[in-house]
Amino acid sequence: MHYSKLFIPTLRDDPADAETVSHRLMLRAGLIRKVAAGVYTLLPLGLRVLSKIEGIVRDEMTKAGAQELLMPALQPAELWEETGRWQKYGKELVRLKDRHDRDFCLGPTHEEVITDLVRKEVRSYRQLPLNLFQIQSKFRDEIRPRFGLMRGREFIMKDAYSFDADAEGAKESYRKMYEAYHNIFKRVGLHFRAVEADTGLIGGSSSHEFMVLAKTGEEGIASCTACDYAANVERAETRPTKKIKGADNAIAAMEAVSTPGKKTVEEVCEFLSVEASQLIKTLLFVADDKVVAVLVRGDHEINEIKLKNFLKVTELNLAEKKTLEALTKGPSGFSGPVGLEGAEIVADLAAKAMSEAIIGANEKDTHYRHAVGGRDFKSARSADLRNAVAGDLCPKCGGTIQIDRGIEVGHVFMLGTKYSETMQATFLDQEGKDQHFVMGCYGIGVSRIMAAAIEQNHDDHGIIWPQAIAPFDVQVIPVQEKKEAVMAAAETIYKALSEKGLAVIFEDRSERAGVKFNDADLLGIPYQVVVGQKNLDQGMVELKERKTGEKTLIPVDKVIGTLAEKYSLS
Ligand code: ATP
Ligand code: MG
């Protein structure tokens, strides 16, 4: 393709409203344009990348035995009412009415539609296992759409659904998908990790997330430095730290200390010259209809999913100021467990293990020090209620946990019979008896992968596309385009490379060499062939690898063969 004919609206400067590298570079390199918050047009270059990712996903899914279909984005409310998700899904579900006033939604996921299809069409165990997938636009009215394609309100997902006759079969389907996902992300060219994950709103019994490691990732990944344990921070189990035995006797009596206006952990720590790990935070929650006081160490964060599961409640919200003040009889920022009535006190294991702590005194501008659980305040029920942090003990081997940031690009769930039971989806087994399908579901954020790949592969000059998903393979750049010989040589190389089957941009614009080089680095095509008079006089051209920045002079007649080899073309 001739650059002059291509629609690549690049931007010289960083767009003001783009916070992440990938978002900035996608706008600057002319891959996407915003239509509304979380809604984007994919420009030709962006679409080329997306198609390549789709191609890899499609290929590996098919190899793993899945078959492609295409379900509608528009879905009737009745199906969602069957599973109860019409209510449960909340505001993220994009709802609309048709001209007859009937309720519809734009699919954020397709468990309902696929289960409906399979319950109507699959009758016998002989038709199982079955794995169906699609690559399609999903709609989720995210609270905070951001970072370009990373968290959109309309985005492209590959979703697959497996149906098996029994749990054993479902496990095998899950394993196959887990393996296919490894192949997909490896082929795309990403550094990733599969981690144990929470099953959340979708339900089911086991789940793994595939995380691309990147500093800007929204997810925390806890992994062991000694063994292969890895889990989402939200899901990672934490172990109690050991209590120092016999220390209680030696601890001084609890005393009140004045902490004027010091409400946050940081403020109290600074004022009293102590570490956050010496404090206990007391947070009040309304859990269904009762109030619960939760104790966590000052340097730890409460994990609401763990807390919810522990308390066995469905609704969990931080108590409002009024509730808090009525219960603690003190202002917010100074809450503590001493003398607290009317609320159950529960503690995270690490808070429980502290021999003494600094706590709020339920009184304005006051904290207590040397507070001891069981002595100064009621001993609480305790459990693992916090997010894992770096330095924690590995729940599997006792090694040390480290925390990395990750971008979730894929998710595999074992669903069991959750959907087949609520939607009465059954088949006849060998004995002619009705059985519920055992299901799994498997998502990949196809458009998110594009953003994740850039987060992981870029430098100060622009994008560095992994070879497998680059919009083009080679950019041929003549630098003195006024000279006929240069243009002719460049065009010959361009044509020969294209004939080999490579996707090539011919930089035919009459721009200064510097502008062409900058734009080429911004676009991030893996190889640049620079054709200039001086080298040409020696029968040479320059081959630059975008990733390493390495430039080599090679004979003109070798350039086709060299590049063909890099792309394994004969
Ligand atoms: P997240 O925790 O990021 O909201 P999720 O758990 O809601 O993700 P799934 O329902 O498992 O996501 O969807 C499957 C895949 O779709 C995710 O692994 C992710 O890669 C992608 N995805 C989810 N939400 C978005 C979004 N708003 N924009 C782009 N991709 C998304
Ligand atoms: Mg989500």
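Determine, from the Cβ-Cβ distance of residue 196 and residue 167 and an R0 of 22 Å, the FRET efficiency 1/(1 + (r/R0)^6), rounded to the nearest 0.05.
Once rounded, the FRET efficiency stands at 0.70.
Which helices pass in the chain if a helix is a full DSSP H run, must span at least 24 angstrom along its long axis by Cα, and must have mean Kyte-Doolittle hydropathy not below -0.5?
Span-like helices, by this rule, are 44-63.
Taking segment 1-80, which trypsin sites (Lys or Arg not before Pro) meet the DSSP loop condition and have no more than 16 other C-beta atoms within 10 Å?
Taking segment 1-80 and a limit of 16 other Cβ atoms within 10 Å, the loop trypsin sites (Lys or Arg not before Pro) found are 12.
Which ³J(HN,Hα) values, rounded to whole Hz and listed in residue order, are derived for segment 425-435 from phi using the Karplus coefficients 6.51, -1.76 and 1.60 in 6.51 cos²θ - 1.76 cosθ + 1.60 with θ = phi - 60°, glycine and proline given as x?
Ordered by residue, 3J(HN,Hα) equals 9, 10, 9, 8, 7, 4, 8, x, 9, 5, 10 Hz.
Are there any GluC sites (Glu not before Pro) in segment 316-409 that are in a DSSP loop and have at most 12 other Cβ atoms within 10 Å? List them by number.
Counting only loop positions with at most 12 other Cβ atoms within 10 Å, the GluC sites (Glu not before Pro) in segment 316-409 are 320, 341.
In sequence order, what are the phi-derived ³J(HN,Hα) couplings for segment 350-366 according to the Karplus relation 6.51 cos²θ - 1.76 cosθ + 1.60 with θ = phi - 60°, rounded to whole Hz, with x for glycine and proline?
5, 6, 4, 7, 6, 6, 8, 8, 9, 9, x, 9, 6, 8, 4, 6, 9
Can you compute the modelled spin-label distance between residue 305 and residue 433, with each label point 7 Å from Cα toward Cβ, in nm?
Using points 7 Å along Cα→Cβ, the separation is 3.5 nm.
At 222 nm, what value in deg cm²/dmol follows for the chain if DSSP H runs of at least 4 each add -39500 (n - 2.57) and the sum is divided by all its residues, to the nearest 500?
Roughly -8000 deg cm²/dmol at 222 nm, from the helical runs in the chain.
For residue 88 and residue 255 in one chain, what is 0.36 nm times their gap in residues minus the Cα-Cα distance, to one decimal in nm?
Taking 0.36 nm per residue and subtracting the Cα distance, the gain is 55.4 nm.
For Cα pairs less than 8 Å apart in space and 6+ apart in sequence, what is the mean separation divided by the residue count of the chain, i.e. the relative contact order in percent?
This gives 17 percent for the chain.
Which lysines have a Cα lying under 29 Å from the Cα of residue 483, excluding residues fewer than 8 positions away in the same chain?
5, 495, 500, 516, 534, 544, 551, 558
Between beta-carbons, use under 11 Å as the cut-off and find the net charge around residue 540, counting Lys and Arg +1, Asp and Glu -1.
So the environment of residue 540 carries a net charge of -1.
Just to be sure I understand the model, the point goes 7 Å from the Cα along the line to the Cβ. What's the resulting residue 491 to residue 144 distance in nm?
Here the answer is 5.4 nm between the modelled labels.
With labels modelled as points extended 7 Å from the Cα through the Cβ direction, what inter-label distance (nm, one decimal) is found for residue 270 paired with residue 570?
For residue 270 paired with residue 570, the spin-label model returns 7.0 nm.
Given a Förster radius of 22 Å and the C-beta distance between residue 95 and residue 121 as r, what FRET efficiency does 1/(1 + (r/R0)^6) yield to the nearest 0.05?
Step by step, r from the Cβ atoms, then E = 0.20.
Can you list, by residue number, the Cys in the chain that have no neighbouring cysteine C-beta under 4.7 Å?
If one checks each Cβ against the other cysteines of the chain, 105, 269, 441 turn up with nothing under 4.7 Å.
When the chain is fully extended, how far beyond the present Cα-Cα distance does residue 562 get from residue 215, taking 0.36 nm per residue of separation?
121.4 nm
Looking at segment 64-151, which trypsin sites (Lys or Arg not before Pro) are DSSP coil and have at most 15 other C-beta atoms within 10 Å of their C-beta?
Filter output for segment 64-151: 99, 102, 123.
Report the extension gain between residue 41 and residue 13 in nm, rounded to one decimal, defined as 0.36 nm multiplied by the number of residues separating them, less their alpha carbon distance.
Length gained, residue 41 through residue 13: 8.1 nm.
No value in this document is a laboratory result; all are computed from the given coordinates. Worth saying up front: this structure is predicted, and the values here are computed from it rather than measured. Methodologically, a virtual Cβ is constructed for each residue, glycine included, from the backbone with ideal geometry; neighbour enumeration extends over all protein chains shown.
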